[in-house]
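Novice: After the structure tokens below, expect a handful of questions from me.
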């Protein structure tokens with residue numbers, strides 16, 4: 001199974017937000033924990049989501065990477081425009 005097969009998008013689950021397959025754990029929550037400094041091992045522990053595996057956490061990262069690879073990010077252009085105004 002590829003990492004991305006661990007991620008599911010179903011309109012009937014979490015209003016269509018991407019989540020770890022066979023759970024109701026949104027990809028965004030896993031990413032927020034990583035940003036907050038939690039390790040994949042901690043995220044998969046009893047402290048957070050013991051039903052997840054480290055590969056599930058990696059799948060969330062890969063999903064975000066694939067999503068952003070196809071996106072044009074214009075944050076810096078908007079920031080530059082607002083500073084010069």
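Just so it is clear, none of the values below were taken in a lab; they were calculated from the coordinates. Just so we're clear, the structure is a prediction, and the values are computed from it rather than from any experiment. Glycine also receives a Cβ, built like all others from the backbone with ideal geometry; neighbour counts cover every protein chain displayed.
Novice: Obtain the nm distance between the two label points defined at residue 51 and residue 65 by a simple spin-label model: each point lies 7 Å from its Cα along the Cα-to-C-beta direction.
Specialist: Reported label-point gap for residue 51 and residue 65 is 2.6 nm.
Novice: Once the Cβ-Cβ distance between residue 4 and residue 28 is put in as r, and R0 is 22 Å, what FRET efficiency do you end up with, to the nearest 0.05?
Specialist: So, using R0 = 22 Å, E works out to roughly 0.85.
Novice: Between residue 41 and residue 13, how high is the FRET efficiency from 1/(1 + (r/R0)^6) when r is the Cβ-Cβ distance and R₀ = 25 Å? Nearest 0.05.
Specialist: Here the calculated transfer efficiency is 0.45.
Novice: Highest first, please rank the peptides 32-38, 19-25, 64-70 by the mean number of other Cβ atoms sitting within 10 Å of their residues.
Specialist: 19-25, 32-38, 64-70
Novice: How high is the relative contact order of the stretch 1-73, in percent, counting Cα pairs under 8 Å that sit 6 or more residues apart?
Specialist: On the way: 72 pairs, mean separation 21.0, N = 73.
Once normalised by length, the contact order is 29 percent.
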